1. Output yes when any residue across the range 90-107 is open to solvent by less than 50 Å² (accessible area, probe 1.4 Å), under 24 Å from Thr185 (Cα atoms), outside any helix (DSSP H, G or I) and touching a strand residue (DSSP E or B) at 6+ places or on another chain (Cβ under 6 Å), and no when none is.
2. Out of the range 42-72, which residues are farther than 25 Å from Glu103 by Cβ and either free of Cβ contacts under 8 Å to residues at least 24 places away in the same chain or outside any strand (DSSP E or B) (or both)?
3. For Gln88, all conditions in the list (1) within 15 Å of Gly149 (Cβ to Cβ); (2) out of contact with any helix residue (DSSP H, G or I) (no Cβ under 7 Å at 6 or more places or on another chain) hold save one; what is the number of the exception?
4. Please list, ordered by residue number, the helices (runs of 4 or more DSSP H) wholly in the range 124-213 having 1 or more residues that are of a type in the set (D, E, K, R) and farther than 20 Å from Val74 by Cβ.
5. Those residues that are charged (D, E, K, R) and open to solvent by 10 Å² or more (accessible area, probe 1.4 Å), I need them from the range 144-187; list them, please.
6. Can you confirm whether Ile57 is more than 14 Å from the chain's Cα centre (by Cα), open to solvent by less than 30 Å² (accessible area, probe 1.4 Å), at pLDDT 95 or above and closer than 28 Å to Asp208 by Cα?
7. Any residue in the range 73-81 that is within 13 Å of the chain's Cα centre (by Cα), within 25 Å of Thr198 (Cβ to Cβ) and in contact (Cβ under 8 Å) with a residue 12 or more places away in the chain?
Amino acid sequence: MSKQFIGVLVVVVLALFGVFALTKKSTDNNSGSNSPSNSDQLSEHKTGAGKKGVTLIEYGDYQCPVCKSYYPLVKQVQKAYGDDITFQFRNFPLTQLHPHAFEAARAAEAASLQGKFWQMHDLLYENQDTWAQSSDPSSIFDTYAGQLGLDVNKFKTDQASEQVASVINADVKAALGLQANGTPTFVINGQKVETNPTDLASFKQLIDNAISGTQTNQ
């Protein structure tokens, strides 16, 4: 096990109690079912054709350092499988732990409305150490929008819109319905992965099992 991954595990342990409190509070405050209703507008950010009938969903938080550490591993998975699987990202900002996480999700969703979701998604993770330390990262997000060639005025309007907030909230509700208790949470063909894989080989084992029809809840 690498020193880098040991560091990730330390972060997970330190965050565990705070995450548990956050998700429990969110669940307790939600009247009725945590499953998204037909009126909820979930995000639909997908890549890959899913030729093998497998969809891998990540519920992620852009300010979460563990999510950042998984970002290159997820990229490896996407490269390894290409169109054989569908990869999907959904929002799960843990705002009690990460005060800028919801705003970052807004930035990604606003970029999506101009066709640049994945580009903004990547910029947010690759530059997390920069914007996450800012007292007000909004100007940094505007700079990213400009770098991506977006209409910055439209980006700002969309970022502040109820439409964008509703999509993020629907994703959070779906995550809580799956009893997600931290980030990243991975879901394969509708089944939550209980123990996150630590490397490409263990990720491939989960996906290959799903392809062959022998998926197990790990």
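1. There is at least one residue in the range 90-107 that is open to solvent by less than 50 Å² (accessible area, probe 1.4 Å), under 24 Å from Thr185 (Cα atoms), outside any helix (DSSP H, G or I) and touching a strand residue (DSSP E or B) at 6+ places or on another chain (Cβ under 6 Å).
2. Result: Gly48, Ala49, Gly50, Lys51, Lys52, Gly53.
3. For Gln88, the failing item is (1).
4. Once the helices (runs of 4 or more DSSP H) in the range 124-213 are filtered for at least 1 residues that are of a type in the set (D, E, K, R) and farther than 20 Å from Val74 by Cβ, what remains is 138-147, 152-159, 162-177.
5. Passing the criteria: Asp151, Lys154, Lys156, Asp158, Glu162, Lys173.
6. Answer is no for this residue.
7. Among the residues of the range 73-81, at least one is within 13 Å of the chain's Cα centre (by Cα), within 25 Å of Thr198 (Cβ to Cβ) and in contact (Cβ under 8 Å) with a residue 12 or more places away in the chain, which makes the answer yes.
The values are calculated or read from the model by the stated rules, or taken from the named source; none is laboratory data. Computed from a prediction, not measured in an experiment: that's the story for all the values here. As a convention, Cβ positions derive from the backbone with ideal geometry for all residues, glycine included, and neighbour counts pool all protein chains shown. Remember, those area values only see protein heavy atoms, side chains included, never the ligands or the DNA or RNA. Shrake-Rupley method; radii C 1.70, N 1.55, O 1.52, S 1.80 Å.
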